[in-house]
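The values are calculated or read from the model by the stated rules, or taken from the named source; none is laboratory data. It should be emphasised that the depicted structure is a prediction, and the values quoted were computed from it without experimental measurement. Glycine also receives a Cβ, built like all others from the backbone with ideal geometry; neighbour counts cover every protein chain displayed. Quick note on the areas: whole protein, heavy atoms, side chains included, nothing else; ligands and nucleic acids left out. Shrake-Rupley method; radii C 1.70, N 1.55, O 1.52, S 1.80 Å.
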Amino acid sequence: MSRKVEFQNLEITNSRFSKELKEAADRVIDSGRYLRGRATQDFEKSLAESCGAKYCVGTDNGLGALRLIFRALIELGRLKKGDKVIVPGNTFIASFLPLTELGLRPLPIDPNPETMCIDAGGIAPFLSDEEKAILAVHLYGTPCRMKGLAELVKERGLLLIEDNAQAIGARAEAPGINGSALTGNLGHAAAFSFYPAKNIGALGDAGAVTTDDKELADTIRALANYGESSRYHNEYCGYNSRIDEIQAAMLCVKLYYLKYETAARRRVAALYDRLIDNQAVVKPLIDNDMVQVWHQYVVRLEDSVARDRFRRHLEENGIETLIHYPVPAHLQPCYKGLAEYPLPVTEDLAGRVVSLPIANLDDDDTRYVASVINTF
Ligand SMILES: *Cc1c(COP(=O)(O)O)cnc(C)c1O
């Protein structure tokens with residue numbers, strides 16, 4: 001009966017594509033072009049097409065993508081130092097870092113406790129005239145309620161940026177659209193991460209920005225390449241924040257399989273939802289008005305003591321779990337005292353959440369995890 005369920009084994013994740021990845025790497029090696037070549041172009045085109053955005057710029061990683069978006073908005077005069085940016089309190093710290101680095105002020109807001117994402121209703125009471133942008137993080141692969149956010153942004157004249165690091169391929173209800181639309185094309189710009197453990201992962205670091213705004217895309221492309229608007233002509237003091245050809249080639253292979261990867265995660269989540277039946281365990285909300293892509297499947301326990309016991313019970317039965325995230329950004333040593341307002345939901349969630357394995361599970365693994373949970 002006892003088996004092992006790893007949280008995520010990246011060797012297994014990539015073994016599905018191993019032959020194609022090796023062939024793609026060979027093509028790059030033999031091309032003699034390792035930056036800003038054919039693979040980057042192909043990758044940018046397929047990512048833009050996959051979410052319906054007009055422009056895509058490949059970047060060094062997800063943090064780099066976010067930094068480039070906010071830096072470009074500053075260069076274009078649409079944001080300025082000291083402006084506040086709304087950000088969810090319970091996100092990964094990389095959502096905060098580019099803001100503080102650029103002299104913007106993160107205003108962390110509690111998520112809706114049910115969806116664990118920020119929404120218009122939760123943000124509105126905290127808005128003054130200092131907030132100029134909202135960073136909508138589609139946390140754990142569940143899209144923010146974008147219809148409400150888009151209305152709020154329009155009413156207040158704010159910028160809406162998506163942190164789509166965890167939600168490639170997800171769909172949210174969107175304004176002016178009957179049904180749902182793909183994340184990555186629901187605000188003024190979106191950042192993607194292809195960290196190896198993300199739903200689509202590179203074999204190293206990589207990221208991207210998508211947008212429909214040509215001026216923004218051109219500025220980001222220049223900033224990512226030392227700030228050059230043409231060769232050796234530096235419009236900005238930029239960065240070296242490019243994607244490399246090998247990673248772009250790896251991602252072209254893996255993007256092709258995005259819908260299968262998403263379907264596999266959705267299958268595990270649906271099975272967990274059906275089979276997990278334990279009063280002590282709160283399951284994540286399944287919302288059929290959107291397409292959730294389950295970067296993480298995050299359940300909640302009563303408190304941190306119950307969570308420790310729960311994790312130990314699973315571990316004794318060979319099941320690995322993780323916590324996303326144990327310490328919220330505003331309580332990290334680097335950001336102590338950052339929150340202007342109390343963040344009770346964020347702090348409560350940090351003490352109770354636990355992520356179950358969801359990558360590379362077959363139905364038997366999923367049934368096993370659910371049955372172990374049901375005996376807790
Ligand atoms: C992973 C992640 C990032 C950062 O991406 P990297 O590629 O690791 O730099 C940013 N935001 C969120 C929500 C993430 O999960």
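Where does the chain land at 222 nm, in deg cm²/dmol rounded to the nearest 500, when only DSSP H runs of n ≥ 4 count, each adding -39500 (n - 2.57), divided by all residues?
Details: 13 runs with 143 residues, N = 376.
One gets -11500 deg cm²/dmol as the mean residue ellipticity at 222 nm.
GNM on the chain, alpha-carbon springs under 10 angstrom: the most fluctuating residue among R71, R312, R16 is R16. Under 5 Å from the amide H of I109 lie the amide H atoms of V87, G89, each residue being 5 or more positions distant or on a separate chain, with H modelled from the backbone and absent for Pro and chain starts.
If you put +1 on each Lys and Arg Cβ and -1 on each Asp and Glu Cβ, how big is the dipole of the chain around its Cα centre, in Debye rounded to 20? It would help to have the intermediate numbers written out before the result.
Numbers: 44 positive and 51 negative charges, 81 e Å.
Dipole of the chain, to the nearest 20 debye: 380 debye.
In region 151-219, carbon and sulfur make up what percent of the accessible area (probe 1.4 Å)? Its accessible area is 45 percent carbon and sulfur atoms.
Straight Cα distances below 27 angstrom link K19 to the lysines K4, K45, K198, K254, K259, with same-chain residues fewer than 8 positions distant left out.
Here the chain was treated as a single set of alpha-carbon atoms; its pair distances binned every 20 Å from 0 give 29, 58, 13, 0 percent. Of interest is the spacing of the C-alpha centroids, which for region 154-184 and region 240-258 amounts to 23 Å. Largest GNM mean-square fluctuation across S355, S230, S95, computed for the chain with C-alpha springs under 10 Å, falls on S230. Count Lys and Arg as plus one, Asp and Glu as minus one, and take only other residues whose Cβ is under 12 Å from that of I109; the net charge is then -3. Compactness check for region 127-279: Cα Rg over 2.2 N^0.38 Å is 1.21.
In order along region 47-52, the phi-based Karplus estimate (6.51 cos²θ - 1.76 cosθ + 1.60, θ = phi - 60°) of 3J(HN,Hα) comes to 5, 4, 5, 5, 10, x Hz; Gly and Pro are listed as x. Rounded to two decimals, the Cα-based Rg/Rh of region 199-274, with Kirkwood Rh, is 1.17. Measuring from centroid to centroid over Cα atoms, what is the spacing of region 267-330 and region 16-42 in Å? Here the two parts' Cα centres lie 37 Å apart. Using the alpha carbons alone, the radius of gyration of region 78-214 stands to its Kirkwood radius in an Rg to Rh ratio of 0.94. Provide the net charge surrounding D205, with neighbours chosen by a C-beta distance below 11 Å and charges set as Lys +1, Arg +1, Asp -1, Glu -1. Spelling it out: positives minus negatives among the neighbours equals -1. Per q in 0.16, 0.25, 0.33 Å⁻¹, report the Debye log10 I(q)/I(0) for region 63-105, using one uniform scatterer on each alpha carbon and no solvent. Log10 of I(q)/I(0), two decimals: -0.36, -0.85, -1.28. The GNM of the chain, with springs linking C-alpha atoms under 10 angstrom apart, assigns the highest mean-square fluctuation among H313, H295, H138 to H313.
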